[in-house]
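Here the structure is laid out as C-alpha cells; the discussion comes afterwards.
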Amino acid sequence: MNIEVTGPDVYANDTYKTLFKSIMSDVGKAIIVDKAKIVLKPDIPLFIFSVRLANKAVGKTIMDVASIRQEGKETHLCITDEKFAPEILSQLWKNYGRNNIDQQTRFDLVVNNGNANKISSLSISSEEDSLKEIIGALWRIMPEGIRNRHNISDANVITIIATEEIMRPEMIEEGKQIHRSLGGMC
C-alpha cells in the first residue's frame with residue numbers, strides 16, 4: 001500500500017500514515033487499498049483523504065470466511081474470520097431455522113439438513129457494506145469534531161473532503177483534483 005501524506009508538520013504526517021495503516025488493517029481493508037493520498041491543512045482547516053482500491057470492493061459469501069464440509073445430512077462450518085460470525089449465524093438461522101443450527105463453539109457450527117453448496121453461496125456482506133466500512137475507517141482517521149464532510153466515490157476511488165468551516169467550492173475542487181489524480185472520475 002502506497003500512502004502519500006502532505007501537510008505542514010512532518011510528525012503529524014508520519015502519525016497519520018501510521019494511523020491510516022492501522023485502521024485499514026483493523027477493518028480488514030488494507031489488502032484492497034492500492035494507494036492513498038492524505039492532505040492535511042489544519043490552518044484552514046481542510047482535510048482530504050483519498051483512497052484508490054486495488055480491486056473493486058466486493059461482497060462476501062460464507063465460503064469466503066469459513067471452511068465448509070458436508071457429512072451426510074450435516075454441514076459443518078468453521079468460521080475463519082470472526083468479524084463475520086454474527087452475520088453467518090443470522091443467515092443460517094434465516095435460511096434453516098434456529099433449531100437446525102448447532103453452535104458447538106464460537107467458530108464451529110453444524111447445520112442439520114444443510115446443503116454445503118447453498119450455504120457456501122449465502123451472502124454475508126455486500127459491496128455497499130464494504131464501501132461503508134472503508135468510508136467509516138476514513139472518518140475515524142480524521143481529526144475529532146470535523147463536522148462538514150463531502151464524499152466522492154466511484155468504481156475504485158473514494159475521497160472525503162472535510163472541514164470545520166463552511167465547505168467552499170475551492171475545497172471541493174481540490175478534493176476532486178486529488179480524486180482524479182488517483183484515477184477517479186468526477
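The values are calculated or read from the model by the stated rules, or taken from the named source; none is laboratory data. These numbers come from a predicted model, not from an experiment. Positions of Cβ are backbone-derived with ideal geometry, glycine not excepted, and every protein chain shown enters the neighbour counts. Side chains are part of the model used for accessible areas, which takes the heavy atoms of the whole protein and leaves out ligands, DNA and RNA. Shrake-Rupley method; radii C 1.70, N 1.55, O 1.52, S 1.80 Å.
Annotations
- Picking from residues in the stretch 102-128 that are touching a residue at least 60 places away in the same chain (Cβ under 8 Å) and aliphatic (A, V, I, L, M), the one that is nearest to PHE20 (Cα to Cα) is ILE124.
- Evaluating MET63 against the criteria (1) open to solvent by 20 Å² or more (accessible area, probe 1.4 Å); (2) without any contact (Cβ under 8 Å) to a residue 40 or more places away in the chain; (3) in a helix (DSSP H, G or I); (4) not hydroxyl-bearing (Ser, Thr, Tyr) leaves one unmet condition, (2).
- ARG106 satisfies every condition listed in (1) open to solvent by 90 Å² or more (accessible area, probe 1.4 Å); (2) under 30 Å from ASN156 (Cβ atoms); (3) among the basic types (Lys, Arg) except (2).
- Index of the failed condition, LYS17 passing every other in (1) within 30 Å of GLU165 (Cβ to Cβ); (2) assigned to a strand (DSSP E or B); (3) basic (Lys, Arg); (4) open to solvent by 70 Å² or more (accessible area, probe 1.4 Å): (2)
- One residue from ILE146, ILE158 being in contact with a Pro (Cβ under 9 Å, 6 or more places away or on another chain) and not in a helix (DSSP H, G or I): ILE146
- The number of residues in the stretch 68-99 that are farther than 27 Å from VAL27 by Cα and open to solvent by less than 50 Å² (accessible area, probe 1.4 Å) comes to 3.
- Selection over the stretch 129-151 of residues that are under 16 Å from the mean Cα position of the chain (by Cα) and either open to solvent by less than 20 Å² (accessible area, probe 1.4 Å) or in contact (Cβ under 8 Å) with a residue 60 or more places away in the chain (or both) gives a count of 11.
- Residue count for the stretch 20-39 under the criterion of being under 17 Å from HIS179 (Cα atoms) and surrounded by 21 or more Cβ atoms within 10 Å (Cβ to Cβ): the result is 3.
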